[in-house]
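The next block holds one structure in the form of structure tokens; read it before the comments.
The values are calculated or read from the model by the stated rules, or taken from the named source; none is laboratory data. Here the structure is a predicted model, which is why all the values come from computation and not from measurement. Here the Cβ positions follow ideal geometry from the backbone for every residue, glycine too, while neighbour counts run over all protein chains shown.
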Amino acid sequence: MKGLRVIHTAEEIRERIAALADEIRPLYAEKNPLLLGVLKGSFVFLADLARALAIPLEVDFVQLGSYGDDTESSGFVRFDHDVERPLQGRHVLIVEDIVDTGHTLRFLMGTLSSRDAASVRVVSLLDKPSRRLFPVGVDFVGFTVPDLFVVGYGMDHAQAYRHLPDVCVVEEA
Ligand code: IMP
Ligand code: MG
């Protein structure tokens with residue numbers, strides 16, 4: 001039997017996002033930033049962050065995948081969906097659910113580097129620095145988490161648990 005242990009409650013997440021938004025907002029006032037969500041895991045965080053920022057902004061998504069149904073990165077990143085509009089001249093804020101090995105972000109930053117954005121920053125709800133294989137820069141982090149596989153608040157294990165309001169760890173009960 002698998003059980004779920006809450007590590008960050010919905011309330012804690014809400015408060016942390018409000019603080020992150022206060023930090024991020026001044027950098028983008030009058031800049032109409034593009035929040036660039038990495039599907040699928042970031043969809044809940046992006047929705048909450050966009051509303052907490054409460055400034056004019058646009059939203060777009062890329063879909064990248066490095067996971068099968070396993071909890072270990074395959075180390076191979078697939079580009080499944082690109083942005084709709086050019087990034088040239090835009091202030092881009094990449095929105096991630098979690099940075100783990102850094103494979104995904106390294107690949108995305110590499111891809112975006114040729115697109116002439118005015119600026120590119122990264123915000124990730126969670127950071128698992130103990131797992132890092134590539135030194136990627138994450139400008140804003142919600143919470144640093146230990147080396148445990150987390151689910152909920154948009155994040156999945158084999159596509160399950162994305163709807164949970166809290167960030168949880170799946171445990172053998
Ligand atoms: P990375 O390429 O190893 O940094 O992994 C990045 C992506 O893998 C994240 O954006 C997540 O979508 C997924 N991922 C990494 N760790 C976890 C986890 O603990 N739970 C759920 N998804 C994860
Ligand atoms: Mg992700």
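Looking at segment 19-67, which of its residues are surrounded by 14 or more Cβ atoms within 10 Å (Cβ to Cβ) and of a type in the set (G, A, S)? Of everything in segment 19-67, those that are surrounded by 14 or more Cβ atoms within 10 Å (Cβ to Cβ) and of a type in the set (G, A, S) turn out to be A21, G37, G41, S42, A47, A50, A52, G65, S66.
Is it true that some residue in segment 124-142 is small (G, A, S), more than 12 Å from ligand 1 (Cβ to nearest atom) and touching a Gly at 6+ places or on another chain (Cβ under 9 Å)? Outline the logic, then answer.
Applying the first criterion (small (G, A, S)) to segment 124-142 yields 124, 130, 137, 142.
Within this subset, residues satisfying the condition of being more than 12 Å from ligand 1 (Cβ to nearest atom) are 137, 142.
From what's left, touching a Gly at 6+ places or on another chain (Cβ under 9 Å): none.
No - not one qualifying residue is present in segment 124-142.
Given the structure, is D166 more than 11 Å from ligand 1 (Cβ to nearest atom) and of a type in the set (D, E)? The answer is yes for D166. Quick one: is D82 in contact with a helix residue (DSSP H, G or I) (Cβ under 9 Å, 6 or more places away or on another chain) and either among the hydroxyl-bearing types (S, T, Y) or under 22 Å from I7 (Cβ atoms) (or both)? Taking the combined requirement at face value, the residue does not satisfy it. Within segment 41-56, residues that are of a type in the set (D, E, K, R) have Cβ atoms under 6 Å from residues that are assigned to a helix (DSSP H, G or I) and crowded, with 16+ Cβ neighbours inside 10 Å in these pairs: D48/I17, counting only partners at least 6 apart in sequence or on another chain.
Restricting attention to segment 18-66, which residues are among the charged types (D, E, K, R) and either in a loop (DSSP other than H, G, I, E, B) or over 18 Å from L126 (Cα atoms) (or both)? Step through it out loud before you land on a result.
Our first condition is that a residue be among the charged types (D, E, K, R); within segment 18-66, this holds for 22-23, 25, 30-31, 40, 48, 51, 58, 60.
Within segment 18-66, R25, E30, K31, K40, R51, E58, D60 meet the criteria.
The set of residues from segment 1-17 being surrounded by 15 or more Cβ atoms within 10 Å (Cβ to Cβ) and either among the basic types (K, R) or not in a helix (DSSP H, G or I) (or both) comprises L4, I7, H8, R16. The set of residues in segment 120-155 that are touching a Phe, Trp or Tyr at 6+ places or on another chain (Cβ under 9 Å) and acidic (D, E) contains only D127. Among the residues of segment 112-165, what is the count of those that are among the basic types (K, R) and more than 20 Å from V6 (Cα to Cα)? The number of residues fulfilling the criteria is 4.
Scan segment 87-111 for residues that are more than 15 Å from ligand 2 (Cβ to nearest atom) and either of a type in the set (F, W, Y) or at pLDDT 95 or above (or both) and report the count. Steps first, please.
Quick first cut of segment 87-111, residues more than 15 Å from ligand 2 (Cβ to nearest atom) only: 87-92, 110.
Still in the list and also either of a type in the set (F, W, Y) or at pLDDT 95 or above (or both): 87-92.
Going through segment 87-111 one residue at a time, the tally reaches 6.
Of the set (1) within 17 Å of the chain's Cα centre (by Cα); (2) at positive phi, all apply to H103 but (2).
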